[in-house]
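The values are calculated or read from the model by the stated rules, or taken from the named source; none is laboratory data. Source: prediction; values computed, not measured. Every residue, glycine as well, gets a Cβ built from its backbone with ideal geometry; the counts of neighbours run over all protein chains shown. SASA here: full protein model, heavy atoms, side chains in, ligands and nucleic acids out. Shrake-Rupley method; radii C 1.70, N 1.55, O 1.52, S 1.80 Å.
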Amino acid sequence: MKLTLGEKIRQRRRQLHLTQAALAGESVTRILISRIESGDVNPSLETLKYLAKRLGVPAGYLLTEEDDLLQFLLPSIKEELREKYRSGDDTGVFALCEQYALQDEETYLILCECAVRLGRQAYARGATAEASDWFDRALSFAQETSYHTEFVLGEAMLCKALLAEMTGEAPEVYLDSYAESLGRAVDLDRYLLLRFFSDMEKGGCPDAAALALMPIRSPLYRSLQQIWLTAADGDAAGAQTALAALLHSEEADMLESDPILQYRCIAKMEQLSAEADDYKTAYQYAGKRQQLERRYHIREGQPRIDGAAVNELSETRNDHE
C-alpha cells in the first residue's frame with residue numbers, strides 16, 4: 001500500500017503513541033502537524049528533518065511511498081550486522097537480529113558462525129553447559145541456510161565431541177554427524193590434525209591437548225601431533241629428531257600429495273633445528289621452505305595456495321590415490 005507523506009507521519013506517530021502536540025514539541029505547532037498529516041501543506045526541508053528525528057526514522061523514508069519501515073531500513077541494518085560480525089561483536093549480532101527479527105539465509109549463516117565463536121569462548125573458560133548450548137544453536141542455524149557451513153559445522157561438531165566426556169555423551173555421534181553433514185566422504189583425520197595445528201599456533205591452548213586424544217586413525221597424523229606436543233613441552237631437540245626420522249620414512253610419501261602439511265613440516269623442521277642450535281640443518285630446510293613458497297605461491301609465511309596451485313594439487317592427489 002502506498003502512503004502519502006502526511007499519512008506516513010500519522011502512521012508512525014500513532015505507532016509511537018504520540019499526540020500531535022507531543023510530536024510538534026517546541027519547534028513547530030500542533031496545527032502545522034495537523035495540516036501536514038491531512039495533506040494541506042508540505043513541510044520545509046528543515047521541518048521534515050525535525051519530524052523524522054522526532055519519529056526515529058530517516059527523512060528519506062518519509063519521502064518514499066514505501067510503508068514498510070523495516071524494509072526501508074533493511075540495507076543499513078544488514079550492513080550494521082555485517083560490520084558487527086566482521087569486528088567480532090558476536091553478542092551484538094544476536095541482539096541486532098532479535099531486535100529486528102531478521103530471518104534470511106545470510107543472517108542464519110552469520111548467526112551460525114557467531115554461535116560457534118561464542119561456544120568456543122565458553123568452552124575455553126570451562127563453561128561446558130553454555131558451550132554445548134551455543135554449538136547446538138549453531139547447528140540449528142546451519143539447517144536454516146543453504147550457504148556452505150562445512151567449516152563452522154565442523155567446529156561445532158568437533159567441540160561437541162570434545163565436550164562429550166563432560167556431558168556424558170559419545171563423541172563418535174558428533175564426528176559421524178559432521179561427516180554426514182557434508183554429504184560426501186570426509187577426511188576427518190586431516191580436519192582434526194589441521195584444527196590441532198591451529199589451536200597449537202594460538203598458544204597451545206587446552207583445545208590442542210584435547211584434540212590430541214581424538215580418534216585419528218592415520219599413523220602419520222598421530223606422529224605429527226606427538227612431535228608438535230613434544231616441541232610445545234620445550235624439547236626442541238627431541239621433536240627435531242622425531243620429525244627428521246618421519247621426513248625420511250615411507251610415511252613421508254603422503255606429504256608429497258599434501259602441500260599444506262608438507263609446508264608445515266618443512267617450516268617446523270627449520271624452526272626446531274634453529275632452536276636446537278643446529279643451524280646447518282635449519283639453513284637447509286629454510287631453502288626447502290622457500291622452494292615450496294615459490295612453487296605453491298605461499299604468501300607471508302602462511303600455507304595459502306592460489307587457484308592454479310589448487311588445480312595442480314587436485315591433479316597430484318588424484319594421481320597419488
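Observations on the model:
- Candidate residues Met254, Met269: accessible-area rank, largest first, probe 1.4 Å: Met254, Met269
- As a fraction of the 1.4 Å probe accessible area of segment 1-121, surface on carbon and sulfur atoms comes out at 50 percent.
- Charge context of Ala59, other residues only, Cβ under 13 angstrom, K/R +1, D/E -1: +4
- Solvent accessible area, Å² - Leu118, 1.4 Å probe, full protein context: 20 Å²
- Residues in segment 12-132 average 55 Å² of solvent-accessible surface per residue, probe 1.4 Å, ligands and nucleic acids excluded.
- Length gained on full extension, Ala22 to Gln71: 15.0 nm, using 0.36 nm per residue less the C-alpha separation.
- For segment 1-150, the relative contact order works out to 17 percent when only alpha carbon pairs closer than 8 Å and six or more residues apart are counted.
- Solvent-free Debye scattering, log10 I(q)/I(0), computed from the Cα coordinates of segment 2-110 at q = 0.10, 0.11, 0.15, 0.19 Å⁻¹: -0.37, -0.44, -0.70, -0.91
- In this calculation the C-beta distance from Ala129 to Glu79 is compared with R0 = 35 Å, giving a FRET efficiency of 0.50.
- Reachable lysines, given that their alpha-carbon falls under 21 Å from the alpha-carbon of Lys280 and they are not under 8 places away in the same chain: Lys268, Lys288
- By the rule of a C-alpha distance below 26 Å, with chain neighbours fewer than 8 residues away ignored, the lysines paired with Lys2 are Lys49, Lys53, Lys78.
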